[in-house]
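The values are calculated or read from the model by the stated rules, or taken from the named source; none is laboratory data. Please read these numbers as outputs of a predicted model, since none were measured by experiment. Positions of Cβ are backbone-derived with ideal geometry, glycine not excepted, and every protein chain shown enters the neighbour counts. SASA here: full protein model, heavy atoms, side chains in, ligands and nucleic acids out. Shrake-Rupley method; radii C 1.70, N 1.55, O 1.52, S 1.80 Å.
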Amino acid sequence: MKIKLILAFFIFKLGFAQHRTCGMEQQMQRIMADPQLKEQYLDLQQQFENELQRLSNSNESKSTAATIRIPVAVHYPSVVASATNASLRSCLILLAQKQVAILNADYNATNSDLSNWVNDQDFYPDTNYGNMNVVFEIATLNHPTGTGLGFPTNGNPAITFGTDFLSNADTDSTWAGYCNLVVRNLTSGILGYSPLGGSPSSGMTVVIDNNSFSTSLSGSPSACLGYVPSPPFNLGRTLTHELGHFFNLDHTFKACDGSNCATSGDKVCDTPSADTPYYNCDPSGSVSTNCGTTQLTMNYMDYVEDSCMYMFTQGQVNRMTAWSNIIGSQLNMNTLANNEFINTNFSIVPNPSKGIFSIQLKEQIGNYSVSIIDSLGREIYNMDFNQNSDLIQSIQIDNALSGLYFVTIKSNGATLTKKILVK
Ligand SMILES: [Zn+2]
């Protein structure tokens with residue numbers, strides 16, 4: 001009896017193993033089986049190799065490179081867009097915004113757990129973390145019509161509900177030009193999938209399981225019905241991982257490097273060679289690979305739990321930057337607010353600051369709002385200003401900790417996000 005119970009326990013544990021599983025490889029098999037998609041894929045990869053080469057030869061410095069803006073649309077196909085679902089839809093909009101804030105932190109190396117690298121880097125002398133200098137923004141203008149948008153007018157986010165969007169396909173030309181995130185119930189234990197080197201021009205998507213998208217909301221509501229991030233994949237990093245694939249990153253455990261690390265394994269030279277995924281959360285530097293290296297367990301492109309991954313390498317960022325340069329012309333930038341007016345009218349001084357700064361306007365405008373999100377995706381400030389406000393508006397972040405913050409100014413349906421540094 002006792003043995004049976006123990007056996008049953010182990011079977012139960014095996015059956016519900018909490019391991020990250022990603023469907024990128026299967027997705028690529030589907031793409032390569034389609035002659036048209038295969039041709040497009042091979043063509044883009046060729047352009048990518050040329051761009052990667054150009055960047056490595058050029059003196060383009062990351063510090064002077066312009067911030068890359070990526071218009072994002074989020075799709076919840078299973079949520080009925082009815083009036084009775086209004087509170088759920090509002091909740092899911094918050095969930096999407098929180099997920100995008102996590103992306104911005106992870107891709108700009110402003111995530112707070114990156115501080116672990118100070119101690120961990122000793123195990124990886126040839127590796128540096130990278131910062132992509134990118135802003136993911138949920139699009140707010142010129143939405144496609146008749147597409148299940150919760151709020152279709154300009155100024156509202158490109159978030160759809162309950163349409164037959166995709167109906168389990170993985171591209172939708174209606175949404176060409178966006179970085180499309182689809183949140184749905186995935187089976188087979190897969191947490192998410194993306195093409196390797198995604199193409200916005202054909203409306204390709206990144207798909208995330210409904211229990212691995214974003215992270216718990218603070219305050220009320222604390223969770224959206226049916227979309228509860230489930231530990232250990234509840235910090236929004238399944239999307240960080242899958243979008244890495246969309247920007248043409250392979251798994252760090254692809255294969256042991258051959259004689260040329262730039263053409264074998266994951267084709268990134270500053271990620272230690274590995275051929276097996278790592279799942280757990282053991283101390284950094286403690287996992288040896290079959291390739292004679294130390295596994296870079298905290299990398300977003302391995303399979304560890306959300307709380308134990310915290311960095312891209314500089315080599316990975318170089319590849320993602322090259323990919324974003326290739327697909328940049330495919331992005332539909334007129335879906336992002338702005339732009340010229342709000343961008344030139346607002347300035348934030350000083351930056352960096354100690355947490356006290358001013359928003360300065362060149363000319364008087366209508367109402368506007370200011371919100372500030374910290375690197376954990378928490379909104380720490382939100383204020384509306386009416387048109388009688390001064391041209392200079394002083395803002396203070398209470399008990400400001402050092403780090404990067406995202407200041408979002410909304411005005412007349414336009415949205416501007418600027419990064420500020422608190423020292
Ligand atoms: Zn993956």
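Of the residues in the range 282-306, how many are within 16 Å of residue 21 (Cα to Cα) and open to solvent by 30 Å² or more (accessible area, probe 1.4 Å)? Residues in the range 282-306 being within 16 Å of residue 21 (Cα to Cα) and open to solvent by 30 Å² or more (accessible area, probe 1.4 Å): 1 in total.
Yes or no, residue by residue, for (1) within 13 Å of the ligand (Cβ to nearest atom); (2) in contact with a helix residue (DSSP H, G or I) (Cβ under 8 Å, 6 or more places away or on another chain); (3) in a loop (DSSP other than H, G, I, E, B):
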| position | (1), (2), (3) |
| --- | --- |
| 225 | no, yes, yes |
| 242 | yes, yes, no |
| 259 | no, no, yes |
| 264 | no, no, yes |
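Selection within the range 206-223: residues that are in a strand (DSSP E or B) and either open to solvent by 10 Å² or more (accessible area, probe 1.4 Å) or away from the ligand (no atom under 16 Å from the Cβ) (or both). The member of this set that is nearest to residue 52 (Cα to Cα) is 209. Annotation note: Cβ proximity below 6 Å between a residue of the range 237-265 that is without any contact (Cβ under 8 Å) to a residue 60 or more places away in the chain and a residue that is part of a loop (DSSP other than H, G, I, E, B) and among the polar types (S, T, N, Q) (sequence gap 6+ or interchain) occurs for 252/271; 253/276; 256/273; 257/264; 257/273; 258/264; 265/273. Scanning the range 70-120 for residues that are out of contact with any Leu (no Cβ under 6 Å at 6 or more places or on another chain), polar (S, T, N, Q) and outside any helix (DSSP H, G or I) yields 78, 82, 108, 111. Does residue 230 satisfy the condition of being among the small types (Gly, Ala, Ser) and either surrounded by fewer than 16 Cβ atoms within 10 Å (Cβ to Cβ) or not assigned by TED's automatic domain parsing to the domain that holds residue 308 (or both)? Spelling it out, residue 230 is indeed among the small types (Gly, Ala, Ser) and either surrounded by fewer than 16 Cβ atoms within 10 Å (Cβ to Cβ) or not assigned by TED's automatic domain parsing to the domain that holds residue 308 (or both). For residue 115, the conditions (1) open to solvent by 10 Å² or more (accessible area, probe 1.4 Å); (2) among the polar types (S, T, N, Q); (3) touching a residue at least 12 places away in the same chain (Cβ under 8 Å); (4) within 30 Å of residue 293 (Cα to Cα) are fulfilled apart from (3). Could you go through the range 146-159 and let me know if any residue there is out of contact with any Cys (no Cβ under 8 Å at 6 or more places or on another chain), within 16 Å of the ligand (Cβ to nearest atom), in contact (Cβ under 8 Å) with a residue 12 or more places away in the chain and not aliphatic (A, V, I, L, M). No, there is no match, as no residue in the range 146-159 is out of contact with any Cys (no Cβ under 8 Å at 6 or more places or on another chain), within 16 Å of the ligand (Cβ to nearest atom), in contact (Cβ under 8 Å) with a residue 12 or more places away in the chain and not aliphatic (A, V, I, L, M). Note on the range 266-280: residues that are open to solvent by 10 Å² or more (accessible area, probe 1.4 Å), more than 11 Å from the ligand (Cβ to nearest atom) and touching a residue at least 40 places away in the same chain (Cβ under 8 Å) amount to 5. Filtered by the rule that a residue be farther than 18 Å from residue 271 by Cα and not hydrophobic (A, V, I, L, M, F, W, C), the range 105-125 gives 108, 110, 111, 112, 113, 115.
Looking across the range 189-201, the residues that are within 16 Å of the ligand (Cβ to nearest atom) and within 16 Å of the chain's Cα centre (by Cα) come down to 191, 192, 193, 194, 195, 196, 197, 198. Would you check if there is a residue in the range 141-156 being surrounded by 20 or more Cβ atoms within 10 Å (Cβ to Cβ) and within 19 Å of the chain's Cα centre (by Cα)? No.
May I ask you to verify whether residue 140 is more than 30 Å from residue 316 (Cβ to Cβ), assigned by TED's automatic domain parsing to the domain that holds residue 286 and assigned to a loop (DSSP other than H, G, I, E, B)? No, not satisfied. Please verify whether residue 112 is over 15 Å from the mean Cα position of the chain (by Cα) and within 29 Å of residue 148 (Cβ to Cβ), treating the condition exactly as stated. So residue 112 fails the test.
On the given criteria, is residue 186 part of a loop (DSSP other than H, G, I, E, B), among the hydrophobic types (A, V, I, L, M, F, W, C), under 26 Å from residue 331 (Cα atoms) and within 16 Å of the ligand (Cβ to nearest atom)? Taking the combined requirement at face value, the residue does not satisfy it. None of 260, 248 is open to solvent by less than 40 Å² (accessible area, probe 1.4 Å) and of a type outside the set (Ser, Thr, Tyr) except 248.
Counting residues in the range 166-183 that are open to solvent by 10 Å² or more (accessible area, probe 1.4 Å), of a type outside the set (Val, Ile, Thr) and modelled with pLDDT of 95 or more gives zero.
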